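A quick write-up on the structure given underneath.
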Amino acid sequence: MMAYADVVLAGGNVFTGDGAGHSGLAVRGDRIVAVGGDEVRELAGPQTEVVELEGRLLVPGFQDAHIHAVMGGVELGQCDLTGTVELDEYLRRVRRYADEHPDAEWILGGGWSMESFANGIPDRRLLDQVVPDRPVYLLNRDHHAAWVNTVALERAGITASTPDPATGRIDRDADGNPVGALQEGAMELVEVPDMTASEKYDGLMRAQQLLLSLGITAWQDAMLAASNGYADVSDAYGRAAREGTLVATVIGALWWDRDLGIDQIIELVGRREALSVGRLRCDTVKLMLDGIAENFTAAMTAPYRDGCGHATTNRGLSFIDPAELPAYVTELDRQGFQAHFHALGDRAVRDGLDAVEAARKANGPSDNRPHLAHLQVVHPDDVPRFAQLGATANMQPFWAAHEPQMDELTIPFLDQEAVRRQYPFGDLRRSGARLAGGSDWPVSTPDPLRGIHVAVNRVLPGESREPFLPEQALTLAEAITAYTAGSAYVNRRDDTGRLREGFRADLVVLDRDLFAGPPEEIGDAAVALTFVDGTRVFG
């Protein structure tokens with residue numbers, strides 16, 4: 001007697017990730033049982049759900065290799081400044097949120113863009129106009145700076161005499177008075193109320209609903225933190241994993257406290273054991289090596305330029321001592337942890353690769369799969385080292401395009417050689433590096449299709465600007481593979497990321513066949529259906 005499939009999808013274009021052209025796929029239980037052509041219809045029985053693809057594209061479930069899902073979900077319920085760069089609109093939203101939440105002691109939220117302000121620096125007096133009586137604390141879209149009002153500065157005791165912390169900067173006026181912008185480690189000077197456990201859990205559920213609708217069936221949360229001013233969101237994941245409300249698979253990156261040393265690894269081992277339950281696994285450690293280019297804290301090999309184009313003495317910040325980093329990563333590797341680096345400037349990228357190389361020499365080959373995220377600037381000498389060391393290049397492609405933050409706040413202040421080395425995805429791919437795709441949401445959109453659009457076109461969706469370093473573009477197949485098989489590799493989910501018999505039935509049906517249309521329309525596509533383990537979870 002024939003064992004029928006539970007789900008049959010037929011009549012479209014099936015992107016298996018293996019290169020063969022197919023038009024149908026069948027699922028039984030949580031596994032793919034057949035990939036082929038019209039013959040998969042023969043597995044449909046009386047109780048089989050048959051999905052007619054009607055020429056649409058079927059791909060493996062997307063996986064985000066670098067995201068902050070809980071924080072993104074929480075911020076969806078706070079004062080949301082995303083989706084605009086108009087200063088007047090920011091202030092309208094802040095006033096409206098304050099009016100709608102009269103009992104809130106603090107006005108919290110974020111999403112503002114540096115391009116909205118002169119020199120990228122917001123002013124506290126603007127917030128004072130709309131909320132003069134309560135503290136306001138709003139993160140920028142990169143989450144590397146905060147815009148605060150006067151009440152927030154007063155509560156924190158920040159004055160002209162307050163020194164800059166070693167890992168950040170208080171922006172000041174000509175007299176040394178704080179203007180209301182706190183960069184990097186200076187954000188820690190303001191003690192914002194901790195999120196409650198229910199706020200974090202609700203944020204996770206809100207985020208999961210959104211991510212499933214975008215076809216994301218697994219992700220790596222890049223900051224299960226509990227130090228350096230960042231909230232610990234691991235309790236939300238733990239609860240969801242224990243209660244069975246975590247539908248996606250999540251890899252949690254435990255935070256490396258940059259104020260502590262190698263002894264913290266003992267605690268990280270304990271947290272890994274305590275937090276790996278159900279669909280949650282926490283065997284990765286996130287090491288934040290530097291900041292961002294827009295506020296001159298990304299660690300560069302060449303110094304930043306001033307407003308006149310002259311070299312300064314500033315080469316950015318190293319948040320973790322490069323001399324100590326190899327020992328940290330070597331011990332993490334020995335303990336079976338995956339190293340997940342925030343490395344944006346080329347000096348930080350080199351430091352991360354040096355640490356991976358040290359671990360390889362000390363411990364020998366391992367399957368811990370280190371990866372470096374962001375990679376805004378990579379020195380040409382370091383491009384081939386990714387493949388040589390087995391380090392994955394974790395891309396956030398949506399940033400690789402001309403837009404005001406790039407054109408006005410980054411390019412004029414970078415060394416000209418560094419400008420030409422930004423987001424070198426094409427060079428990395430040609431060198432043999434494995435690519436993974438991520439969003440860094442809520443820093444930018446979590447939609448993989450919009451990220452894929454920029455990876456292919458090097459232009460933002462819906463815009464007709466000049467492509468940004470077009471020689472670094474990827475093909476459509478390469479970009480999809482990064483967000484599927486590439487991220488699955490990083491997430492150590494080896495039975496996902498491709499559509500093969502025996503693999504998990506994490507599937508996404510798009511509303512069109514991306515390969516049949518022009519590349520400039522990739523960003524217009526949307527997800528029609530999402531399946532996790534063979535069960536429809538969206539559409």
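The values are calculated or read from the model by the stated rules, or taken from the named source; none is laboratory data. The structure presented is a predicted model; accordingly, all values stated were derived computationally and were not measured. Neighbour counts are summed over all protein chains in view; Cβ atoms, including those assigned to glycine, are modelled from backbone coordinates with ideal geometry.
When the range 53-90 is filtered for residues that are surrounded by fewer than 18 Cβ atoms within 10 Å (Cβ to Cβ) and more than 22 Å from Asp440 (Cα to Cα), the ones remaining, listed by number, are Glu54, Gly55, Glu86, Leu87, Asp88, Glu89. Regarding Gly497, is this residue within 18 Å of Val247 (Cα to Cα), modelled with pLDDT of 95 or more and surrounded by 23 or more Cβ atoms within 10 Å (Cβ to Cβ)? Spelling it out, Gly497 is indeed within 18 Å of Val247 (Cα to Cα), modelled with pLDDT of 95 or more and surrounded by 23 or more Cβ atoms within 10 Å (Cβ to Cβ). Every test in (1) assigned to a strand (DSSP E or B); (2) crowded, with 20+ Cβ neighbours inside 10 Å is passed by Pro46 save one, and that test is (2).
Inspect the range 474-488 for any residue being farther than 23 Å from Ala391 by Cβ, modelled with pLDDT of 95 or more and over 18 Å from the mean Cα position of the chain (by Cα) and give the result as yes or no. Scanning the range 474-488 turns up at least one residue that is farther than 23 Å from Ala391 by Cβ, modelled with pLDDT of 95 or more and over 18 Å from the mean Cα position of the chain (by Cα). Any idea how many residues of the range 356-390 are outside any loop (DSSP other than H, G, I, E, B) and under 23 Å from the mean Cα position of the chain (by Cα)? Of the residues in that region, 11 qualify.
Taken over the range 53-72, residues that are on the phi < 0 side of the Ramachandran plot, modelled with pLDDT of 95 or more and either in contact with a helix residue (DSSP H, G or I) (Cβ under 8 Å, 6 or more places away or on another chain) or aliphatic (A, V, I, L, M) (or both) amount to 13.
Can we say Ala393 is closer than 21 Å to His68 by Cβ, out of contact with any strand residue (DSSP E or B) (no Cβ under 6 Å at 6 or more places or on another chain) and hydrophobic (A, V, I, L, M, F, W, C)? Against the criterion (closer than 21 Å to His68 by Cβ, out of contact with any strand residue (DSSP E or B) (no Cβ under 6 Å at 6 or more places or on another chain) and hydrophobic (A, V, I, L, M, F, W, C)), Ala393 does not qualify.
Restricting attention to the range 6-33, which residues are farther than 16 Å from Phe531 by Cα and buried (at least 16 other Cβ atoms within 10 Å of the Cβ)? Gly11, Gly12, Asn13, Gly17, His22, Ser23, listed by residue number. The single residue among Leu469, Leu474 that is touching a Gly at 6+ places or on another chain (Cβ under 8 Å) and either under 25 Å from Val85 (Cα atoms) or not aromatic (Phe, Trp, Tyr) (or both) turns out to be Leu474. Quick one: Trp219 ticks every box in (1) within 18 Å of the chain's Cα centre (by Cα); (2) among the aromatic types (Phe, Trp, Tyr); (3) surrounded by fewer than 24 Cβ atoms within 10 Å (Cβ to Cβ) bar one, so which box is it? Only one criterion in (1) within 18 Å of the chain's Cα centre (by Cα); (2) among the aromatic types (Phe, Trp, Tyr); (3) surrounded by fewer than 24 Cβ atoms within 10 Å (Cβ to Cβ) is unmet by Trp219, namely (3). Within the range 336-355, the set of residues being part of a loop (DSSP other than H, G, I, E, B) and either at pLDDT below 95 or over 21 Å from Asp494 (Cβ atoms) (or both) comprises Leu344, Gly345.
Glu105 satisfies every condition listed in (1) outside any loop (DSSP other than H, G, I, E, B); (2) touching a residue at least 60 places away in the same chain (Cβ under 8 Å); (3) farther than 30 Å from Ser439 by Cα except (1). Residues that are crowded, with 24+ Cβ neighbours inside 10 Å and in contact with a Cys (Cβ under 7 Å, 6 or more places away or on another chain) do not occur anywhere in the range 255-272.
Among residues of the range 279-317 being farther than 24 Å from Asp440 by Cα and small (Gly, Ala, Ser), the one that is modelled with the lowest pLDDT is Gly307. Of all residues in the range 209-227, exactly one satisfies the criterion of being farther than 15 Å from Asp440 by Cα and either aromatic (Phe, Trp, Tyr) or in contact with a helix residue (DSSP H, G or I) (Cβ under 7 Å, 6 or more places away or on another chain) (or both), namely Gly215. Beta carbons closer than 9 Å, at least 6 apart along the sequence or on distinct chains, never pair a first residue in the range 257-271 that is at positive phi with a second that is part of a helix (DSSP H, G or I). Do we find a residue being of a type in the set (Gly, Ala, Ser) and farther than 26 Å from Lys200 by Cβ anywhere in the range 102-117? Yes, because at least one residue in the range 102-117 is of a type in the set (Gly, Ala, Ser) and farther than 26 Å from Lys200 by Cβ.
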